[in-house]
Amino acid sequence: MKKTWMVSATAGVLAAALLCGCGAPAATAGSGGSQAGGQSVEGQPSEGQSAAQPAAQNTQGAAGQAGGKKAAEGTAITFWHSMGGVNGEALDYLVSQFNEKNELGIKVEAQYQGEYDDAINKLKSAQIGNMGADLVQIYDIGTRFMIDSGWVIPMQELIDGDGWDKSVIEPNIAAYYTVDEKLYSMPFNSSTPLLYYNKDMFEKAGISKVPESLGEIADAADALVQKGGAGEPISLGIYGWFFEQFTCKQGLSYVNNGNGRQGAATAVEFDQNGAAVNTLTVWKDLYDKGYAPIVGRGGDSGLADFSSGKSAMTLGSTASLKQILEDVNGKFEVGTAYFPKVNPEDKGGVSIGGASLWALNNEDEAKKAATWEFVKYLVSPESQAYWNAQTGYFPVTTAAHEEPVFKENLEKYPQFGTAIDQLHDSTPESAGALISVFPEARQVVETEIENMLNNHISPQDTAANMAKQINKAIEEYNLLNE
């Protein structure tokens, strides 16, 4: 049953996300690098040559062909998404191909909902059995909220009913959306963070080894300015997602109860296990030495200085790669490297950002069956290879790597290979935390980092201030949802 009491109680939490840059407006990068626009659509197949077309014609599973597929015939479904700009154009193209080519006569009406927050807020006022949509794209930090809501049909249920092989999904991507061995949503537009660097500046500075940790960034800073010509060594945006990734890189938990995966989190752990102080100490040192000046809040805030040639390095989503290359426009050679560690000895990996697809429970078997057919199409190798080439998001399906369009895109943009390697070198244990108040938590983290840098607050006090506010939000949420 839908938990309407939870929806109203968390309205403030969700509204807070509107203030912290977690959505995906039409021309900016959103939560966890979820980019909604800003890239040019290159190499779009012409009619009759679509990379997605075979997927639209081959959506049949090994099981359920007589039952579920029969129920889906001639069914219309509604898909809410948050992809604007050229990403929206690419998604509209996939939808149109499915509508034209699927053999069951299923029709999908794709509706752009604006930022991710807008889509999830619209669900708050929906009625069970008539939710306005059958499939909805929700950002990564909405995962715990959606699981708790009672609104969804877990993807695992659809997978099991059809005998579909979920091992085709990249395991380190599937891990984020899996709780108690149940895949709740289908990964769709996934990204991880990278270190971007100016190869020309590094060469002029005589630096042959790309920094692997924040400390090594500090070690290279003076040479990059004095010899490489950098105005600033790194343009480091104050972004909650980066703080989370630094925690993952240390192999430490953000919250308790198995990072919110063994049970609902009751408190943060980053203040107790040293993760926050470790990160904040090095971050503050970079700032105090003038190596990482304040460039703003959010995942995009450091990109302009890098693309203009002012900074030698920046951190950003893999989904920003094509935009960066377009903005640089050959002025210098762009290099990519793994997201930096906090300490050289760290053994952790990176977590996924972006969004996934959630099937809503409208108590309609025909719509349920049709939704599953459409989801299978969107994650087919052909569709994912096309989606990757147009947007820069990961192909969530491993077989997409064998598609010609994927290989051609990788040859054209070899920097993207770094993102693939980093994903594969991470482990499911680095999947990251799940908490229902994540949008609010990110805002708290960003505010407190900004306060630390501007007001000379110690890393220890900053970590304590973060923990106090986030723990209060978690406690209030849990009390209202017992």
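Going by what's in this entry, would K249 be described as charged (D, E, K, R) and touching a Gly at 6+ places or on another chain (Cβ under 8 Å)? Write out each step before concluding.
On the way: charged (D, E, K, R): yes; touching a Gly at 6+ places or on another chain (Cβ under 8 Å): yes.
It is true that K249 is charged (D, E, K, R) and touching a Gly at 6+ places or on another chain (Cβ under 8 Å).
Over 24 Å from Y116 (Cα atoms), in contact (Cβ under 8 Å) with a residue 12 or more places away in the chain and of a type in the set (D, E): which single residue out of D162, D140 fits that description? Talk me through it step by step, then tell me what you get.
Working: D140 fails: over 24 Å from Y116 (Cα atoms).
Exactly one of D162, D140 is over 24 Å from Y116 (Cα atoms), in contact (Cβ under 8 Å) with a residue 12 or more places away in the chain and of a type in the set (D, E), namely D162.
Considering only helices (runs of 4 or more DSSP H) fully contained in segment 79-151, which possess at least 3 residues that are modelled with pLDDT of 95 or more?
Values: elements: 85-101, 116-124, 143-149.
The helices (runs of 4 or more DSSP H) meeting that bar are 85-101.
Quick check on G354: is it within 30 Å of E212 (Cβ to Cβ) and either buried (at least 24 other Cβ atoms within 10 Å of the Cβ) or without any contact (Cβ under 8 Å) to a residue 60 or more places away in the chain (or both)?
Numbers: within 30 Å of E212 (Cβ to Cβ): yes; either buried (at least 24 other Cβ atoms within 10 Å of the Cβ) or without any contact (Cβ under 8 Å) to a residue 60 or more places away in the chain (or both): yes.
So G354 passes the test.
Can you name every residue in segment 433-454 that is under 11 Å from G260 (Cβ atoms) and touching a Phe, Trp or Tyr at 6+ places or on another chain (Cβ under 6 Å)?
Listed by number, the residues that qualify are A433, S436, V437.
Hey, among I435, I449, which residue is farther than 19 Å from R297 by Cα and buried (at least 24 other Cβ atoms within 10 Å of the Cβ)? So that I can check it myself, show each step before the final result.
Values: I449 fails: farther than 19 Å from R297 by Cα.
None of the others qualify; the one that does is I435.
For N362, work out the one condition from (1) in the same structural domain as A72 (by the TED database); (2) open to solvent by 50 Å² or more (accessible area, probe 1.4 Å); (3) outside any helix (DSSP H, G or I) it doesn't fulfil.
N362 satisfies all of (1) in the same structural domain as A72 (by the TED database); (2) open to solvent by 50 Å² or more (accessible area, probe 1.4 Å); (3) outside any helix (DSSP H, G or I) except (2).
Restricted to segment 123-163, and to residues that are among the hydrophobic types (A, V, I, L, M, F, W, C) and more than 27 Å from A433 (Cα to Cα), which residue is most open to solvent (accessible area, probe 1.4 Å)?
The selected residue is I128.
Looking only at helices (runs of 4 or more DSSP H) that lie completely in segment 245-351, which have at least 2 residues being surrounded by fewer than 20 Cβ atoms within 10 Å (Cβ to Cβ) and either not assigned by the TED database to the domain that holds V444 or not aromatic (F, W, Y) (or both)?
On the way: elements: 256-260, 275-288, 303-307, 321-328.
The helices (runs of 4 or more DSSP H) meeting that bar are 256-260, 275-288, 321-328.
The values are calculated or read from the model by the stated rules, or taken from the named source; none is laboratory data. Every value quoted in this text rests on a predicted model; they were computed, and no experiment measured them. Cβ: placed from backbone, ideal geometry, glycine included. Neighbour counts: every protein chain shown. What goes into the accessible areas is simple: the full protein's heavy atoms, side chains included, and nothing from ligands, DNA or RNA. Shrake-Rupley method; radii C 1.70, N 1.55, O 1.52, S 1.80 Å.
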